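The structure appears below as structure tokens.
Taken together, the values in this text are just the output of simple stated rules run on the coordinates, not laboratory data. Because the structure is predicted, anything quoted here is derived from the model rather than measured. Because the Cβ atoms are built from the backbone with ideal geometry, glycine has one as well, and the counts that use them run over all protein chains shown.
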Amino acid sequence: MIPRAMGRLKIGVLGSGKGSNFRAILSEIQAGRLDAEAALVMSDVEGAGILDLARAAGIPAQVIREPKFRTKLSPEVEADVVERLRDAGVELVVLAGYMRMVKAPLLEGFPRRVINIHPSLLPAFPGLESWRQALEAGAEKTGCTVHFVDSGMDTGEIIAQAEVPVLPGDTAESLHARIQVEEHKLYPSVVARFVSGELP
Ligand code: GAR
């Protein structure tokens, strides 16, 4: 195991939604079980719950304004995101329900230091609403995956996964809710592996 530089691991969190994965990581930090610090939270959605969670915890919360595209950021906007993350001292970029593709500026700015959580057992069901995809495909099990982010859609190297059975009578909502229970355990556990230096 490679020891990290001294101090708490500074993470930057990007999300587009309600931020329950961010909340799960923050809870572990606040409980003293995760030696990390959420240095900056950013969202491409102005009213996203993840920003409210950050503000309520006294963590800097910033909006990413992208006027041109819906599924990615323009290169200059993404370069500005990198600069803001760097200014905040971020060492690990944690995508938590961030719904845009990541491009070269962020990947080159933080090589092997951008991770994502996805609600399926990748490589199965990449893309949107993966829990619904699993249900409609008649899968017996699904789950969640934490992976390094690369330029593909949900294609980066897998770090950790947790399984969730698809139960008779499951709806898209009930299945996603059970996947999220696992996400909230899996994501903090992976961040802890960066803190310890286990993930170089
Ligand atoms: C999570 O289920 C996450 O896996 C998914 O969005 C949800 C965000 O929830 N991410 C993706 O689908 C990424 N392709 P949260 O805002 O409550 O953390």
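Worth pointing out:
- Modelled label positions at Arg84 and Asp52, each set 7 Å beyond Cα in the direction of Cβ, lie 2.0 nm from each other.
- The lysine pair count for the chain, using Cα distances under 26 Å and pairs eight or more places apart or on different chains, is 12.
- Cα gyration tensor shape for the range 5-94, rounded if a/c is under 1.5, else prolate or oblate: oblate
- Length gained when the stretch Val63-Met153 is fully extended (0.36 nm per residue, less Cα-Cα span): 30.1 nm
- Per-residue 3J(HN,Hα) values for the range 53-64, derived from phi via the Karplus relation 6.51 cos²θ - 1.76 cosθ + 1.60 with θ = phi - 60°, read 4, 4, 4, 4, 9, x, 9, x, 10, 10, 8, 9 Hz in sequence order (x marks Gly and Pro).
- Cα lying deepest toward the dipole's positive end in the chain, options Leu40, Ala160, Ala79, charges on Cβ: Leu40
- Theoretical FRET efficiency, 1/(1+(r/R0)^6), r = Cβ-Cβ of Glu76 and Arg193, R0 35 Å, to 0.05: 0.55
- Close amide H contacts of Thr142 (hydrogens built in the peptide plane, cut-off under 5 Å, sequence separation of 5 or more or a different chain): Val164, Val166.
- Using a cutoff of 8 angstrom between alpha carbon atoms and counting only pairs six or more residues apart, the relative contact order for the range 1-157 works out to 21 percent.
- If a spin label sat at a point 7 angstrom from the Cα of Met101 along the line to its beta carbon, the backbone N atoms of the range 116-133 nearer than 14 Å would be those of 127-128.
- Per-residue 3J(HN,Hα) values for the range 128-138, derived from phi via the Karplus relation 6.51 cos²θ - 1.76 cosθ + 1.60 with θ = phi - 60°, read 8, 6, 5, 5, 5, 4, 4, 5, 5, 7, x Hz in sequence order (x marks Gly and Pro).
- Shape call, the range 66-131: gyration tensor on alpha carbons, a/c limit 1.5: oblate
- The Cα center of the range 121-164 and the Cα center of the range 40-74 differ in position by 24 Å.
- Cα gyration tensor category, rounded, prolate or oblate, for the chain with a/c compared to 1.5: prolate
- Calculated [θ] (222 nm, deg cm²/dmol) that DSSP helices of n ≥ 4 give over the chain, each run adding -39,500 (n - 2.57): -11000 deg cm²/dmol
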